[in-house]
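Heads up, the thing below is written out as structure tokens.
The values are calculated or read from the model by the stated rules, or taken from the named source; none is laboratory data. None of these values were measured; they are calculated from a predicted model. Using ideal geometry, Cβ is built from the backbone for each residue, glycine included, and neighbour counts are taken over all protein chains shown.
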Amino acid sequence: MVMGMRARGARWWIQGLTLGLLAWVFVVNFGYTLVALTVGEFLRPRHARRWYKLAAASVVGCLVATPLILNLARDYSPFGAGDSPAQVWAPGALGMRLALPHWVTTDFGLLLVLAVAGGFVLARRARPRDRVVLGFLVTVCTLWLLQEFLALFGFYPEPDDFHYFLRFVVAIVGGAGLAAVARHVEAWQGLSLCQGHLIVLAACLPLTFPAYWDPPSMDRYWDTSPIDERISDYARWIRDNTPPDAVFLGGPSSSSWIPVLAGRRVLLAGDSRPPVDYVQRKHVERVMLISRDPDLIQKVARRYGVTYLVIDRGLMREYDIWRFKRPGLYDVLYRSKLIKIMGVRKTGPTGHEPAPRLDPQGVARGTNHGS
């Protein structure tokens, strides 16, 4: 879409809004696209360059993306400290594997041949759209060479994101090469417009992704087993019995399911891409599970707005807690063989009556101060 708008000379503010939308969809590709559009502008004849229009569109795009960029910079800045930036910017095994030239040569197969042909076609034809696409091709090739060099020093940030962007651009350029082959077939056989394209596309069907990809046997993430009914039950209870702004403290399993199935926030969702304040959040978790001081628990709970505990097996194993009982601190609201959901009891002048205790089916059975 961005390529087409740039080639057609769409208004700068429309281009800018589209770039900003791209940033909110995927900010890494937004950055690559800004570089590619700049390179594409260099490839235009000097008299046809519209730097002011590109600059204005880029500014609008960056303004639209500013809240997202600031939010990401808080946790993933290359100049930050902690586990979050390290997972993005530190050397990783994935980057070293993707640095192998195989992934941008023989792994492409026929697509590489078509992309080379497409690059020559675009450079020779040199229409406005062709120059924009060439800008993307030159950008990914240059960035790939740069990352190959940096990989020698163990530096290869976000390797999978760049790899997919590179494959996307190569596929577009390969499409230009395939279209050139179709036009040649039409001229060779004296066919009418588009007949050659249909013949070429039909010949390529066996090479398409759906033709050879079988997810059940080839995708390691493929899983058709239904969600455990006990998980669905407690997620349904959370949706029906807790406010939308509730924050849950749970173990690795429950903290993964609650946001997805119940639409509620969690204090932590594992340690993959941890937030910049991961250590502080783990401290809150530990205090709320180990401490018996109600004032301290209230203090740390207020810091992140935690209102509910979800005690699952993962949390119990981590803290070596096998019978979690805090009758003066938490109210048991839901219990099943899988988890126990507890509400944080407020204390002091702003306190409230203990919430009714519920059985595994979510039916209130009176007030109970114990657990």
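Just one of the listed residues (Val116, Val88, Val64) is at pLDDT 90 or above and either in contact with a helix residue (DSSP H, G or I) (Cβ under 6 Å, 6 or more places away or on another chain) or not in a helix (DSSP H, G or I) (or both), namely Val64. Checked against (1) charged (D, E, K, R); (2) under 22 Å from Arg49 (Cα atoms); (3) exposed (fewer than 13 other Cβ atoms within 10 Å of the Cβ), Asp107 passes all but a single condition, namely (2).
Just to be sure, is Asp295 assigned by TED's automatic domain parsing to the domain that holds Met316, over 17 Å from Tyr319 (Cα atoms), out of contact with any strand residue (DSSP E or B) (no Cβ under 7 Å at 6 or more places or on another chain) and touching a residue at least 24 places away in the same chain (Cβ under 8 Å)? Give the derivation first.
On the way: assigned by TED's automatic domain parsing to the domain that holds Met316: yes; over 17 Å from Tyr319 (Cα atoms): yes; out of contact with any strand residue (DSSP E or B) (no Cβ under 7 Å at 6 or more places or on another chain): yes; touching a residue at least 24 places away in the same chain (Cβ under 8 Å): yes.
Answer is yes for this residue.
For region 307-342, taking the residues that are of a type in the set (Asp, Glu) and surrounded by fewer than 19 Cβ atoms within 10 Å (Cβ to Cβ), the one that is modelled with the highest pLDDT is identified as Glu318. The condition of being exposed (fewer than 12 other Cβ atoms within 10 Å of the Cβ) and either among the polar types (S, T, N, Q) or part of a helix (DSSP H, G or I) (or both) holds for Ala211.
For region 227-265, residues that are surrounded by fewer than 18 Cβ atoms within 10 Å (Cβ to Cβ) and part of a loop (DSSP other than H, G, I, E, B) total 7. Once region 9-45 is narrowed to residues that are under 21 Å from Glu158 (Cβ atoms) and among the β-branched types (Val, Ile, Thr), the residue that is surrounded by the fewest Cβ atoms within 10 Å (Cβ to Cβ) is Val25.
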